[in-house]
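The values are calculated or read from the model by the stated rules, or taken from the named source; none is laboratory data. Treat the numbers as computed from the prediction; the structure is a model and nothing was measured. Cβ placement follows ideal geometry from the backbone for every residue including glycine, while neighbour counts extend to all protein chains displayed.
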Amino acid sequence: MNNFLLTLTISILFGIGTFLILRRDMIKVIIGLSVLSHAVNLLIVSAGVFENGKVPIITGSGHGGEITGTIYNDNLAEGIFAPLVSAGSHVEFVDPLVQALVLTAIVISLATTAFILILAYRIYEEYGTTDIRELRRLWG
């Protein structure tokens, strides 16, 4: 059921973003681009999640290679680097590279959206409208 809700949410965001991109007002187009980029980010993150995957962050209050489940904490003196698992066991971790790439995409999307909003504001100051058809008529 959880995957269905995630898929439905991503689909609705794609639909809303596409609908807003096809509008005449530039502000709605900018909001549509933002919603569409969030939908893509959700899609990429959902592709990097494995069923019953564990988070690749080791928690625990102790030092010196204390065991927390089957995962050891770092102990540089003994040469133990996390995450190490016991021999013969297989632990699936969620892919952290996907999360790092999406975090980068969010920052780039924010900067691009801010730049496009500034351009739309300047066009509104210059021509008094953000309607694309009206601007096309004004530009000749």
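Scanning the stretch 43-55 for residues that are touching a Leu at 6+ places or on another chain (Cβ under 8 Å) and either at pLDDT 95 or above or of a type in the set (S, T, N, Q) (or both) gives a single hit, SER46.
Residue by residue, here is whether (1) more than 23 Å from PHE4 (Cα to Cα); (2) at pLDDT below 60 holds:
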site	(1), (2)
ASN41	no, no
GLY65	yes, yes
THR70	yes, yes
VAL107	yes, no
ALA114	yes, no
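Residues considered: LEU33, LEU13. Of these, the only one that is under 18 Å from VAL102 (Cα atoms) and either buried (at least 18 other Cβ atoms within 10 Å of the Cβ) or β-branched (Val, Ile, Thr) (or both) is LEU13. Only residues that are part of a helix (DSSP H, G or I) and either over 19 Å from VAL35 (Cα atoms) or modelled with pLDDT of 95 or more (or both): list them for the stretch 72-103, please. Correct list: PRO96, LEU97, VAL98, ALA100.
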